[in-house]
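Since the structure comes first, as structure tokens, the remarks are kept for the end.
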Amino acid sequence: MQWLWENRDLVFGLTLEHVRLSIVPIIVGFIACIPLGWLANRYRMTRAIQLTLFGILFTIPSLALFVTLPSVLGTKILNPINVVVALTIYAIAIMVRGAADAFDSVSRDVIQSATAVGFSSISRFWTVEFPLAGPVLLANLRVVSVTTVSLLSVGALVGNGALGYLFINGYQRDFPTEVMIGIVFTLLIAIAFDQALVGIGRLLMPWTRRSKTVARVAAPVAGGV
Amino acid sequence: MLFVAAILFIFDPENLLGDKGILPRLVDHLLYTGLSLGAALLVGIPIGLLIGHTGKGKNVVIALTGSFRALPTFGLLLFIILFTGLGLWPLVFVLAVLAIPPIIAGAYSGLDSVSRETIDAARSIGMTEWQILGKVEIPLALPLILGGVRSATLQIIATATIAGYVGLTGLGRFLIEGLAYHDYTIAFAGAILVAGLALAADGVLALLQKLVVPHGVSRGSARTTTKSKRRSIPSAMTRAPITEG
Amino acid sequence: MQSPTVKRITAGFVAIGLTASLAACASGDPLGGDGEVDLGTITVGSQGFAESDILAQLYGQVLAAGGYTVNYSPSIGSRETFIPALQDGSIDLIPDYSGNLLYGADPEATATSSGDVMEALPKALEPLGLAVSSAALAEDADALVVTKEFAAENELVTIGDLAPIASTITIGANTEFEGRSYGRAGLESVYGVKGWKFKAIDDYGGPGTLSDLLSNNIQVADIYTTTPSIKQNGLVVLEDPESLIAAQNIVPLFNEKVYSVNFANLVDKVSNKLTTEELMSLNEISAGDSKPSPEKVATDWLTKMGLL
């Protein structure tokens, strides 16, 4: 499309910004969920607390978090960190639930055998439980990835939406093409991230290449628009 | 503190009624949710049941619905409005699109979780396909199907806040007003209201989920199928019933 | 014992972690000018509609040509949001509209003409730590707009003519319209127009507002005077003889910390050449078939005017 060609700098710049802003929540969400999920799995009480807390947090619509976080965090209003923190909260919320279930799904027998063989608790976690929980963690991470990329565009309403700018600008100028391009590029990023995650998964968990185990993602995705 | 101010706002009787009141907006919000959920159910349940029961077309449908999930709802809504003008139906359409993937996933994985032996047994005693579906598969799958509905409902309630940006009402108006006037109290109040509504709806559906588990089916049945079934349910968005304790 | 799996996982983490920190660190760097004396960085904001984006580019590009490093922060939102943003340094400069700015800074203000407004502004802005430079000749004001048919049917010429039918109409505008001095309060006190319904359409008089007006879902809309759609659809701007809506000259609003004579001179270069007709044509180009970006529209005009 000609408009795309003429405005490629704008679109490309926004795409880069979109990638930049959405990567951090995904990674932080993943890293944070491991200890939290392990805690939730190990100690039933913390599980209830965590699930309730995060359950509440992500029923708050993303727009609400974007608008109110500056007052809570004390950050500057237009600082992209507000959007990143909000998206990270959602990422953690989804991942914690998924991680808890992922660790839950590791068969008790396997854990007991590992202990019997002589693994210490920590060593057992990293060499047995974590890898076995991998597929479910990955499935949840893919959901987090798609959600983050999509929700980021709503940040345009607070001046920090990366590709979401194309939605608002295109809408304001009565120019569906621009809006569509924003949608397409957002989709492209979502697909790229998804494929990357699948690739990383195959790399780190080669044993899953053959059998496609059921990866149950036990997390409703709210967070709204 | 912000939270306190927001709570006070919500319980201030002046804010409950009238053009910008909490109650009318709550009702509208429920209306948008109901319509979108209804539309999504109308489309999603049959498709989910179909691919669950026959096991065919699974990959195509899953891939399609997966990409639905990646669609930025906000952008899609604005795009459609440029063609249709403002109105209720673009919103309902977009929210339904958002809700269909979890509903299909729930229906599909619900049926998937019913063991083949049970179905074969039903077939062998002479049940027709429809009878199997109605008397065996669906009742056994209900918890998971409802899990999908629950997930869809949560998403719709939270996303319906966007209605406030495109000339409609609903609880999202508090967010947009908070944004326009840079009034954190109103925005926070809106956030609390939507979160509250979502939690309430989730609670009701969770209760329903527990109630529809048929006699003789343990609550943990959905979970055990995670290990015993080898079919792939990529990025299934069902909410497994959380078995507490 | 370090199994290959653990090594693999650790490697994966390290890789992801490095990528993440690289990505996170590569913040939106200012486009570095090279070699020349760098006068510092200016972040120019815009309000969220096409004209504001264009104005931001106009001021920004002139500043960049004058030696500043310029960043842009688009679609910030209403004045209630960008004033705190100016104050906390998130942005340094934003194009605004003199009348609305005055009443936003000082609700007790009374000035309505261009000159009076500009005279009152510096004092009103001082407690906020903000300042303005010269106003442009160009004006773009909120306007209450109706279709030709509706105006004819109800014999509407001025805003005051809405008073008899006020309770039957719906006015469509951005959310903040209601709270403005020319919103509920002003319409009632100045023109006796009250009891009307309000429909919040947050597109700054854009396509949603227009389509609702044309389909009679709303009877009156707030569409800004330089918006091409007014002419294109033969819409009628209701006259404002009591000056409920003050003069709205384009004016660069900035945090007084960035003020310097050089700075003011640069932005004044734009303001001095920008007339209402020029601004309207810029809007028309932006809304035209090829939908050029605000950046391009600005660059073309600045080049034409010899300012770049």
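Which whole number gives the average count of other chain Cβ atoms within 10 Å of the Cβ atoms across peptide B:153-161? Display every interim value, and only then the final one.
Values: counts 2, 8, 7, 2, 4, 13, 9, 3, 8.
Shielding by partners across B:153-161 averages 6.
Which listed residue (A:ALA114, A:PHE167, A:ALA32) has the Cα farthest towards the positive end of the charge dipole for the stretch A:2-208, taking +1 on Lys and Arg C-beta and -1 on Asp and Glu C-beta about the Cα centre?
Positive-end residue among those listed: A:ALA114.
With n ≥ 4 as the cut-off for DSSP H runs, can you work out [θ] at 222 nm for chain B, using -39500 (n - 2.57) per run divided by the number of residues, rounded to the nearest 500?
Computed ellipticity for chain B at 222 nm equals -23000 deg cm²/dmol.
If we restrict to alpha carbons, what Rg and Dmax does the stretch B:121-160 come to, in Å?
15.1, 47
Can you give the Rg/Rh ratio of the protein assembly as shown, where Rg is from the C-alpha atoms and Rh is the Kirkwood radius?
Values: Rg = 28.3 Å, Rh = 27.9 Å.
Using only Cα positions, Rg/Rh for the protein assembly as shown is 1.01.
Rank these for me by crowding, A:LEU152, C:LEU307, going from fewest to most other beta carbons within 10 Å. If you can, show how the numbers build up before the last one.
On the way: A:LEU152 30, C:LEU307 16.
Ascending number of Cβ neighbours within 10 Å: C:LEU307, A:LEU152.
For an R0 of 30 angstrom, estimate the FRET efficiency from the Cβ-Cβ distance between C:THR299 and A:THR75 and round to the nearest 0.05. Could the numbers behind the result be given before it?
Working: r = 33 Å, r/R0 = 1.10.
For C:THR299 and A:THR75, the calculated efficiency is 0.35.
Hey, got the dipole for the stretch C:144-237? About the Cα centre, +1 on K and R Cβ, -1 on D and E Cβ, debye to the nearest 20? Intermediate results must be reported in sequence, preceding the final value.
Working: 7 positive and 11 negative charges, 13 e Å.
I would put it at about 60 debye.
In whole angstrom, how long is each semi-axis of the equivalent ellipsoid of chain A, when you take the square root of 5 times every eigenvalue of its Cα gyration tensor and sort them from largest down? Display every interim value, and only then the final one.
On the way: eigenvalues 269, 86, 31 Å².
Rounded to whole Å, the semi-axes are 37, 21, 12.
Where does the stretch B:157-211 land on Rg/Rh, using Cα atoms and the Kirkwood Rh?
On the way: Rg = 13.2 Å, Rh = 11.8 Å.
Rounded to two decimals, Rg over Rh is 1.12.
Fewest to most neighbouring Cβ within 10 Å: what's the order for A:SER150, C:SER281, C:SER286? Could the numbers behind the result be given before it?
Details: A:SER150 29, C:SER281 15, C:SER286 24.
Sorted ascending by nearby Cβ count, the order is C:SER281, C:SER286, A:SER150.
Among B:HIS29, B:HIS182, which comes first, then next, by fewest other beta-carbon atoms within 10 Å?
Numbers: B:HIS29 25, B:HIS182 21.
Exposure proxy ranking, most exposed first: B:HIS182, B:HIS29.
Mind pulling the per residue volume of the convex hull built on the Cα atoms of chain C? Å³ is fine.
Working: hull volume 61.1 nm³, N = 308.
Value for chain C: 198 Å³ per residue.
For the protein assembly as shown, what is the charge dipole size about the Cα centre, in debye to the nearest 20, if Lys and Arg each add +1 at the Cβ and Asp and Glu each add -1 at the Cβ?
Values: 51 positive and 63 negative charges, 1177 e Å.
Result for the protein assembly as shown is approximately 5660 debye, rounded to the nearest 20.
Rounded to the nearest Å, what's the spacing between the alpha carbon centres of the stretch C:153-227 and the stretch A:133-161? Just the number, please.
39 Å
Residue farthest toward the positive end of the dipole of chain B, with Cβ of Lys/Arg at +1 and Asp/Glu at -1: which of B:LEU197, B:LEU175, B:GLY48?
B:GLY48
GNM, chain C, Cα, under 10 Å: largest mean-square fluctuation among C:LEU244, C:LEU210, C:LEU39?
Largest GNM mean-square fluctuation: C:LEU39.
With the cut-off at 25 Å, tell me which of the pairs A:LYS76/C:LYS257; C:LYS123/C:LYS197; A:LYS76/C:LYS269; C:LYS123/C:LYS199; C:LYS269/C:LYS296; C:LYS123/C:LYS269 have Cα atoms farther apart than that. Walk me through the intermediate numbers first.
Numbers: A:LYS76/C:LYS257 17 Å; C:LYS123/C:LYS197 36 Å; A:LYS76/C:LYS269 31 Å; C:LYS123/C:LYS199 35 Å; C:LYS269/C:LYS296 18 Å; C:LYS123/C:LYS269 23 Å.
Going by Cα-Cα distance, C:LYS123/C:LYS197; A:LYS76/C:LYS269; C:LYS123/C:LYS199 fall outside the 25 Å limit.
Could you tally the net charge around B:PHE188, taking each other residue with its Cβ under 15 Å from the Cβ of B:PHE188, Lys/Arg +1 and Asp/Glu -1? Intermediate results must be reported in sequence, preceding the final value.
Values: positive: B:ARG173; negative: B:ASP12, B:GLU177, B:ASP183.
Summing Lys/Arg as +1 and Asp/Glu as -1 gives -2.
Once you compute Rg and the Kirkwood Rh from C-alpha atoms, what is the Rg to Rh ratio for the stretch C:144-237?
Rg/Rh: 0.92.
Helix C:261-273 versus the longest principal axis of chain C: what is the Cα-based angle in degrees, 0 to 90, to the nearest 10?
50 degrees
Just the Cα atoms of chain B, one point each, no solvent: what log10 I(q)/I(0) does Debye give at q = 0.08, 0.13, 0.15 Å⁻¹?
For chain B, the Cα-only Debye profile gives -0.37, -0.84, -1.02.
Provide the percentage of antiparallel DSSP beta bridges, counting only those with both residues in the protein assembly as shown; round to the nearest 5. Numbers along the way, then the final one.
On the way: 14 of 28 bridges.
The answer is about 50 percent antiparallel.
Within chain B, how many lysine pairs that are 8 or more places apart, or on different chains, have C-alpha atoms less than 28 Å apart?
12
In angstroms, what radius of gyration and Dmax does the stretch C:219-308 have, counting Cα atoms only?
16.1, 47
Report, for chain C, the % of DSSP beta bridges that are antiparallel, rounded to 5.
Numbers: 13 of 26 bridges.
If we restrict to bridges inside chain C, about 50 percent are antiparallel.
Rounded to the nearest 20 Debye, what is the dipole magnitude of the stretch A:2-208 about its Cα centre when Lys and Arg each give +1 and Asp and Glu each give -1 at the C-beta?
On the way: 12 positive and 10 negative charges, 115 e Å.
With only Lys, Arg, Asp and Glu charged at Cβ, the dipole is about 560 debye.
Cα axis of helix A:108-117 to longest principal axis of chain A: angle in degrees, 0 to 90, nearest 10?
So the inclination is approximately 60 degrees.
Taking the Cα atoms of the stretch C:259-308 alone, what are Rg (to one decimal) and Dmax (as a whole number) in Å?
Spelled out, the Cα radius of gyration and Dmax of the stretch C:259-308 are 12.3, 40 Å.
Only the coordinates and a few stated rules stand behind these numbers; no lab work does. Note that the coordinates shown come from a computational prediction; the quantities given were computed from them, not determined experimentally. Positions of Cβ are backbone-derived with ideal geometry, glycine not excepted, and every protein chain shown enters the neighbour counts.
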